[in-house]
Amino acid sequence: MTTIYERRARLLGPHMTTFYKEPVHVARGEGVYLWDTDGRQYLDCYNNVPHVGHCHPKVVEAIASQAAVLNTHTRYVHDGIVEYGEALTAKFDHDLDSMVMVCSGSEANDVALRMAQAMTGKTGVITTDNTYHGNTTAVSQLNTSKVPIGGFQEHVQRAPAPDNMMPPGGTREGQAAAFAEGVKQAIAALEENGHGVSALIVCPYFANEGFPTLDAGFLDEAIALVRAAGGIIIADEVQPGFGRIGSHWWGHQKLNFAPDIVTLGKPMGNGHPVAAVITRPEILTCFQEGFKYFNTFGGNPVSAAAAMAVLNVIEDEKLVENAKEVGAYALDLLGELQKRHDVIADVRGSGLFFGAELWRDGKPATALCDAVVEEMRHTGVLLHTEGRFDNTLKIRPPCVFTKENADQLAEVMDAALEKVA
Ligand code: PMP
C-alpha cells in the first residue's frame, strides 16, 4: 500500500519540504503542543505561525462565527477590515497608519517593492547576501539559497549580512560600519547600472540571516546612505513582528529606526492566511496612482476577524510580556548548556526567538546541528536550523510558551547533545 509520504511526494513533488528525515505526520495542535497520528505529543518550539498557540479557542471562534455570517471578496464596504486596520496601525509610530491587506508575506513584500518603485521611479533594491523574503517572481529575486535561472539580477545588490560568529568587517563592533560600506557599494552599483535606488529591504531581526545580536542604531548609517540616494526603507517584520522579540512589538523598534514600509505575515492570523503592508498615507496614495491593484481575498471579513482575534489575545494574555520573561529565562538555560557542551559556540536571541550556534574544530557544525534536531524530534521536541551554514538551532515557539516548556526544551536538548555531539 502506498504511504501518505509517497502519495504526498508524488502529488506535491519530491522536493516539497518536510522537516526531519522521518517527517512528523501531524493530526492536531493545542497551545504549544502538536500530536501526530499515533497520538504522540510534541513540544512545538519552532512554529511562529500559531503565534497565540495552536488552535487558540478565541481565534477559532472568531473565524467560525464570521464564516457563518459573511465571507466575500474585498470590494464591498465591511467593518471588519477598517476596525482591524485601525487597531493594528495604532501599534505603529512614524505616521505608519495606512494599510493594504494581502494573503501572504510574499505578497506583502511584492506590494512593498512596487510601492518603493512608485515613490522613487527607480527599480534597484538592496538587501543582504544571505536572505529570504518570499516566493513571487519579483520577491524571489532577493533570495540567496539558489542561483536563479538566468543568474542573479543586477537590479538587486547585496550588503554582507551581520553575523555573530563571522561578522563582516571582522568584529561585532565593526559590523554596522561594514554593513553600511556594503550598502554604499550597492548604491554605487545601482547608480552605475542605471536602476537607481528604490529601497533597502531587510528583516530588522535578520531572522533568516541567523538572528545576530545587534544594538539599536545598527542600521542608522546604512539607512542614511539609502535615503541620501533617494531610496526608501522596507522592514520585513514577517518573523519578528507582533511582540515575539519581547522587548518591543516590532523589530524596527528594537533597532530604533523609522521604516517607510513594514510588511507583516505569518503570525498575523494564527495560521489563517492573512498578511499586510503598513505604510504612510502618501506612499499608499502614490502606489495606488502608480499601479492598478486589488486583492480578492486580502482582508476579507473572515481574515479580518482572525487577525483581530490574534491582536486581542496578544493584549489580553500579555503575550509580549510573556515572550520577554520566558525568553530571557530560556536563554539563561541555553547559557547553562553552553557551559556543559563545548560545541555550543554562541547563544543569542530576544524574547521567544532565540537559539544556539554550534561549532566544532573551528568550523560551523552543520551536520551535528542537524543530528541534534533529528534526535530532539524523536524525543518529543520540535525545532529547526538557521544561519548561513545551518548550524544554529532556531527556537521560535508559540508565544504562550511557559518556563516549564523552556525547562523541557533545555533538558531534551541537553540529552540530545550528550548523545550525538
Ligand atoms: N519574509 C520573510 C522574512 C520570511 O521568512 C518569509 C517566509 N519564511 C516570507 C517573507 C514569506 O512569507 P510567506 O511564506 O507567507 O509568503
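The values are calculated or read from the model by the stated rules, or taken from the named source; none is laboratory data. Remember, predicted model here, so these are calculated numbers, not experimental data. So basically every Cβ, Gly included, is an ideal-geometry build from the backbone, and we count neighbours across all protein chains shown. Side chains included, ligands, DNA and RNA excluded: accessible areas come from the protein's heavy atoms. Shrake-Rupley method; radii C 1.70, N 1.55, O 1.52, S 1.80 Å.
Multiply the residue separation of ASP220 and THR285 by 0.36 nm, subtract the distance between their alpha-carbon atoms, and state the gained length in nm to one decimal. Walk me through the intermediate numbers first.
Working: separation 65, 0.36 × 65 = 23.40 nm, distance 2.69 nm.
So the chain would gain 20.7 nm between ASP220 and THR285.
For segment 180-191, 3J(HN,Hα) computed residue by residue from phi via the Karplus equation (6.51, -1.76, 1.60; θ = phi - 60°) reads 4, 5, x, 5, 4, 5, 5, 4, 4, 5, 5, 6 Hz, glycine and proline entered as x.
Per residue, how large is the accessible surface of segment 57-316? Use a 1.4 angstrom probe and give square angstrom.
Accessible surface, normalised per residue, equals 40 Å².
Counting only aspartates and glutamates at least 8 places from LYS21 when in the same chain, those with an alpha carbon closer than 13 Å to its own are ASP370, GLU374, GLU375. Note on the chain: helix-only mean residue ellipticity at 222 nm, from DSSP H runs of 4+ residues weighted -39500 (n - 2.57) and normalised by residue number, equals -12000 deg cm²/dmol. Taking θ as phi - 60° and the Karplus parameters 6.51, -1.76 and 1.60, the scalar couplings of segment 346-351 work out to 7, 10, 7, x, 8, x Hz in sequence order, x denoting glycine and proline. Remark: for residue pairs LYS91/LYS254; LYS122/LYS146; LYS318/LYS403, the C-alpha separation exceeds 18 Å in LYS122/LYS146.
Accessible surface for GLU181 stands near 80 Å², nearest 10, in the context of the full protein assembly shown (1.4 Å probe). Distance between the 7 Å Cα→Cβ label points at HIS25 and GLU6: 1.3 nm. Entry for segment 222-284 at q = 0.24 Å⁻¹: log10 I(q)/I(0) = -1.04, Debye formula applied to identical alpha-carbon scatterers, no solvent contribution.
Of the accessible area of the chain, computed with a 1.4 Å probe over protein heavy atoms only, carbon and sulfur atoms account for 52 percent.
Note on the chain: with charges restricted to the Cβ of Lys and Arg (+1) and Asp and Glu (-1), its dipole about the Cα centre is near 880 debye. Taking every DSSP beta bridge that has both ends in the chain, the antiparallel portion is near 65%.
Each residue of segment 248-263 was assigned a 3J(HN,Hα) from its phi angle through the Karplus curve 6.51 cos²θ - 1.76 cosθ + 1.60 (θ = phi - 60°); the sequence is 8, 6, 10, x, 5, 5, 5, 7, 6, 9, 10, x, 8, 9, 10, 10 Hz, with glycine and proline shown as x. Label reach from VAL147 (point 7 Å along Cα→C-beta): in segment 106-129, amide nitrogens under 18 Å belong to 129.
Per-residue accessible area (protein heavy atoms, 1.4 Å probe) orders PHE291, PHE179, PHE297 as PHE297, PHE291, PHE179, starting from the largest.
With a ≥ b ≥ c the root eigenvalues of the C-alpha gyration tensor of the chain, is it rounded (a/c under 1.5), prolate (a/b larger than b/c) or oblate? Numbers along the way, then the final one.
Values: a/c = 1.58, a/b = 1.13, b/c = 1.39.
Verdict is oblate for the chain.
Which distance in Å, rounded to a whole number, links the C-alpha centroids of segment 315-388 and segment 240-311? Between the Cα centre of segment 315-388 and that of segment 240-311, the gap is 28 Å. Using alpha carbons only, the radius of gyration of segment 265-340 set against its Kirkwood radius gives Rg/Rh = 1.20.
Projecting the Cα atoms of ALA406, VAL347, THR128 onto the charge dipole of the chain (Cβ charges, centred on the Cα centre) puts THR128 farthest toward the positive pole.
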